């Protein structure tokens, strides 16, 4: 089989303006970026305001393993097969971060014959949205640091006299806004800034990866530009010596930050290998952020397509949970069906059983043990009132016996159905049965249910998420988190939902606990207000908001070929 | 008169693909970004390889003052007027950095009726090149820091065994590669990174503004993608414990860094208010970098136009000197004429005389005293064997008496001619006489002469630049710079030209010395190898490679208007 990159390069692409027109966009609603990408202007939202909505399908997965489950492959494959069946369909996915692209896997455009193309454009700059988020975020950081510098240098009276601005009384240890960069850069996790003469005061800070920026969460959750502007105004960049929050609006930088993101608010239209439309928008990670693509893209796609396929990052305890309790809660756009991706390998790896045998080889013991993880995720999705279809992403080494066993085992669960997906090797022909089953699932009565109401107390939200969302015995708060909880309650943010930042490699907080962990207590280290995005982030265990590069990083194989084309992605 | 932004918004723009076609580009040679911007594919270089070249005109200025001389206004105004006279013309300018856009002036697209439009697209992301430079630069920084981390953690034997890569023996104090961000962020000038557990080793580092990145210099100096790839391979990111240079190639990250910049290598086509083509490419500052737009853009423009107008940043001691001794030296693309921009206000401010009188009011004493600065710059440009035309950028408050005096005074200098420019208020009609005089200047015999040959010793290059280039009594090297000089000689880099990083606010290194300073000694603090860009940077006095935000920063007035358009730029 060809490499992902060769498949992408050999694809016959539709001119993106023609594809957009087929999809129902008017010429003035598209801003072309070459022949393969177009930004969609938000004026389309007004034109289609009264249009009936299609069905939203959310793709999730079992607990991820190093072998790769193929969630994006399945998302794109399902989209391709829905199109092959004659449906009007659109995929809505996130823009890949360069951190993993250069750090680990070299791409996130799907794979094989289920890809968004051209994959090198998706995997690198796309239309610049992540750069815009980084730039807007770092302008906010420069603004608060500079205000600290000038206030400290001049004192209250002189500062107000010379600047014509209010003295905010910022303290160096009151700055709450990190900087961001879209790379895996471990040594920026904790830094001391403002060293040297006349650059201070010094303070301890750090960089997060851009996917973890609250601005990225805002980009994904905003309904339109005005909503984004209002949310950016609410960003809390610091707390002053009196304990009062200092917002981007207080600093006078919210307008400029929004101006930097004014084009980023428009989703980017691309296509699958068989010419189905795909909207790419926002890129929050599901371990440290909410992990879902944008409300704006979903909203536009649902007006233009009968079926919209989106995905939440990592397992159903991560991106899917956040899709429901944060994104759907805020947007009101609720799914008609869910697809839960698994593989034979993933179940074996999730069994918790060690074995010297090759993970590709038949191993009924490990498969059966790992099935518990799949069953947990099926029940977890079903809890939200959504019909769930299990998709077994088939690998060439899979045996019919094991596949048959798994199909039968799923038949005894709460799943609505179970189908094989061979989209990776077969393209649009590889997920036709899956598409048909998902279409039937969308016709089922479904009643979308949130895990907790807005008016539940914050601490109870944390317990509910831990106990019902992860099956934990309970939750424990660090001393710092307890104080933060008090502060958040006092400041009037108790109505916000919670975004858990935890490892994706276990349903629990501990990556070592495989399968269906029980009896564990979720240790909340820190609570972080995201006043603009509209949720409280709970940092759990030792989760990091900045990844590091591994010993053999992905960038080693990336280069420019003799023909000037990029090689080594994907 | 309307604001710059209103003029830009009301302009009737040509569809950029049509403008490109008029300019002589084939449809396949343009990658559209909406209707107003297009990247130019470098395949055009092959098609036009045998084409005769037009005339290159370089715009420079007297020593800059806070009043603004209007160099970009004159560059664009001259381009517009050359077009109005029936010439095939193209402007080649740099992409504005967001640092000054949000820090100070809110834009760098020219002004009034001499603008590149739409100005808000030029002033913000354009087609993402500066973001690409930042991202590629910071990937290099993450790569060297991560290599340090893994080598330190594992030691030589284990590192080589586990990673399959050579142990480079990097020491924390051997890292030479800063990080960059395209904002003015004072508190990132000096930072300590790698703090906290398992993030180290810690080392002292800092951020420069992206305009100061060696990658930005490389983008401007590369002839094509292959040349850029080769230059990126040569970047020295660290020196190991044995004193050996560690390059991006040694780290295996040069290919990935180039991949990030693979689209940035293509210049962006925009237009002036009267529909003349304008190529925007690269954005190095002229105080801390070489300060000129790209060789690639000049090369393409010279094949398609009879006249190409470009500009060097700041006064003729800065961007123009670097244009000659670095860019023209490397590219062989030499100018046929130079335009030296001045204003009455600039001369008064450069007089060194203080006065309570309004700078706009007539003041023959200050004007005559300030004339020495203009005369110095005329001679400085003439030294390079290029005919120089003085352009007096006229302001509404200027009196005829002062303008006439200045015209006559210039007639007694080495200048080829002198004309008023009213491009700001009159557009293409405002610089017709200037255009005609520049066209005549281009017909003059000119013999481009470098200030020093490649094979002059590095120390002699520094002295020559100080003494002949700035009129200094000499140059002094810090102890650190002396050691660096020895090292550069030992490593075989003595053949490279020198890029002085110094204040633009005086011909000397001291911003307080106005007019034509004499008898000063240029203090070289540090010498920095730019092996990929192909020059040695000499940091002079207390020049900073990262600006700071002022007390009343430009971002305060930038926002999104009710119609969703950006307001407050320019």
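Rule-based calculations on the coordinates, nothing more; no lab input. Note that the structure is predicted; figures quoted are calculated from it, not measured. Positions of Cβ are backbone-derived with ideal geometry, glycine not excepted, and every protein chain shown enters the neighbour counts.
For segment A:109-121, the count of residues that are under 29 Å from the mean Cα position of the chain (by Cα), touching a residue at least 12 places away in the same chain (Cβ under 8 Å), crowded, with 20+ Cβ neighbours inside 10 Å and at the interface with chain B (Cβ under 10 Å from one of its Cβ atoms) is nonzero. Of everything listed in (1) out of contact with any helix residue (DSSP H, G or I) (no Cβ under 6 Å at 6 or more places or on another chain); (2) more than 8 Å from every other protein chain (Cβ to nearest Cβ); (3) farther than 23 Å from residue A:255 by Cα, the single unmet condition for residue A:201 is (1). For segment B:98-105, the criterion of a residue being under 30 Å from residue B:422 (Cα atoms) and in contact with a strand residue (DSSP E or B) (Cβ under 7 Å, 6 or more places away or on another chain) is satisfied by at least one position. Only one of the numbered conditions (1) under 30 Å from residue A:268 (Cα atoms); (2) free of Cβ contacts under 8 Å to residues at least 24 places away in the same chain; (3) more than 26 Å from the chain's Cα centre (by Cα) is not met by residue A:160, and that is (1). Exactly one condition in (1) touching a helix residue (DSSP H, G or I) at 6+ places or on another chain (Cβ under 9 Å); (2) touching a residue at least 40 places away in the same chain (Cβ under 8 Å) is not met by residue A:413; state its number. All conditions are met except number (2). Within segment B:331-339, can one find any residue that is within 21 Å of residue B:421 (Cα to Cα), in a helix (DSSP H, G or I) and touching a residue at least 12 places away in the same chain (Cβ under 8 Å)? Checked segment B:331-339: no residue is within 21 Å of residue B:421 (Cα to Cα), in a helix (DSSP H, G or I) and touching a residue at least 12 places away in the same chain (Cβ under 8 Å). Within segment B:370-390, the set of residues being outside any loop (DSSP other than H, G, I, E, B) and more than 17 Å from residue B:350 (Cα to Cα) comprises B:381, B:382, B:388, B:389.
Condition check for residue B:253 on (1) free of Cβ contacts under 8 Å to residues at least 40 places away in the same chain; (2) surrounded by 24 or more Cβ atoms within 10 Å (Cβ to Cβ): one failure, at (1).
Of all the criteria given as (1) within 14 Å of chain B (Cβ to nearest Cβ); (2) surrounded by fewer than 20 Cβ atoms within 10 Å (Cβ to Cβ); (3) more than 24 Å from residue A:223 (Cα to Cα), the one not satisfied by residue A:16 is (2). Tallying residues that are over 16 Å from the mean Cα position of the chain (by Cα), more than 9 Å from every other protein chain (Cβ to nearest Cβ) and either buried (at least 24 other Cβ atoms within 10 Å of the Cβ) or on the phi > 0 side of the Ramachandran plot (or both) within segment A:92-108 yields 1.
Apart from one condition, residue B:258 fits all of (1) within 20 Å of residue B:536 (Cα to Cα); (2) within 14 Å of chain A (Cβ to nearest Cβ); the exception is (1). Of the residues examined, residue B:224 is not one that is touching a helix residue (DSSP H, G or I) at 6+ places or on another chain (Cβ under 8 Å), surrounded by 24 or more Cβ atoms within 10 Å (Cβ to Cβ) and touching a residue at least 60 places away in the same chain (Cβ under 8 Å).
Residue-wise test of (1) under 22 Å from residue B:196 (Cα atoms); (2) more than 10 Å from chain B (Cβ to nearest Cβ); (3) touching a helix residue (DSSP H, G or I) at 6+ places or on another chain (Cβ under 8 Å).
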{"position": "A:155", "(1), (2), (3)": "no, yes, no"}
{"position": "A:161", "(1), (2), (3)": "no, yes, no"}
{"position": "A:165", "(1), (2), (3)": "no, no, yes"}
{"position": "A:170", "(1), (2), (3)": "no, yes, yes"}
{"position": "A:181", "(1), (2), (3)": "yes, no, yes"}
{"position": "A:192", "(1), (2), (3)": "yes, no, no"}
{"position": "A:197", "(1), (2), (3)": "no, no, no"}
{"position": "A:212", "(1), (2), (3)": "yes, yes, no"}
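Across segment A:230-249, the qualifying residues are those that are surrounded by fewer than 22 Cβ atoms within 10 Å (Cβ to Cβ) and within 14 Å of another protein chain (Cβ to nearest Cβ), and the one among them that is nearest to residue A:164 (Cα to Cα) is A:249.
All conditions in (1) at the interface with chain A (Cβ under 10 Å from one of its Cβ atoms); (2) buried (at least 24 other Cβ atoms within 10 Å of the Cβ); (3) out of contact with any helix residue (DSSP H, G or I) (no Cβ under 8 Å at 6 or more places or on another chain) hold for residue B:217, with the sole exception of (1). Scanning segment B:67-93 for residues that are out of contact with any strand residue (DSSP E or B) (no Cβ under 7 Å at 6 or more places or on another chain) and within 17 Å of residue B:570 (Cβ to Cβ) gives B:67, B:68. For segment B:51-91, the candidate set comprises residues that are in a helix (DSSP H, G or I) and touching a helix residue (DSSP H, G or I) at 6+ places or on another chain (Cβ under 6 Å); within that set, the residue that is surrounded by the most Cβ atoms within 10 Å (Cβ to Cβ) is B:77. Taking the conditions exactly as written (more than 11 Å from chain A (Cβ to nearest Cβ) and closer than 28 Å to residue A:210 by Cβ), does residue B:272 satisfy them or not? Answer is no for this residue. Inspection of segment A:442-454 identifies at least one residue that is in a helix (DSSP H, G or I) and over 25 Å from the mean Cα position of the chain (by Cα).
Of A:491, A:505, A:496, all but one fail to be closer than 30 Å to residue A:120 by Cβ and either surrounded by fewer than 19 Cβ atoms within 10 Å (Cβ to Cβ) or away from every other protein chain (no Cβ under 14 Å) (or both); the exception is A:505.
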